Amino acid sequence: MFIGDVLRKRREELGMSIRELSRRSEGRPELMEYINPTYYCRIEMESSPYVVVANTTIDKFWTIGSLLRISPLLLFVLSRKLDPTEADRSFSIRDS
């Protein structure tokens, strides 16, 4: 599952359009950045997360996560893997 799939599913669960999500990001100091609807749509529709998502800032993840009530950290992690189910599970904090 790609990050776009997660975002689309959650946005639809909340009954929110892309324009509504963008509108809610405007003029709110507690949110880090305005979310342009065209930019957001490209994230949702991307078949490969590295084209748009790799350049997405943590501030944008914070804003999107806050609006969709998803952990910004989860969004950041999902954006860095082609397929989260194929993540390298051999790493452990205890390995250090």
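Laboratory data are not the source of any read-out in this text; all were calculated from the coordinates shown. Being a predicted model, the structure only gives us computed values, none of them experimental. Cβ placement follows ideal geometry from the backbone for every residue including glycine, while neighbour counts extend to all protein chains displayed.
Numbers for the structure displayed
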{"read-out": "Charge sum, other residues only, whose C-beta stays under 14 Å from residue 9's C-beta, Lys/Arg counted +1 and Asp/Glu -1", "value": "0"}
{"read-out": "In nm, spacing of pseudo-spin labels at residue 19 and residue 33 (7 Å Cα→C-beta vector)", "value": "2.4 nm"}
{"read-out": "Under Karplus coefficients 6.51, -1.76 and 1.60, residue-wise ³J(HN,Hα) of the stretch 66-72 in Hz, glycine/proline x", "value": "5, 5, 9, 6, 10, 4, x"}
{"read-out": "Segment residue 8-residue 69, extension gain: residue separation times 0.36 nm, minus the distance between their alpha carbons", "value": "20.7 nm"}
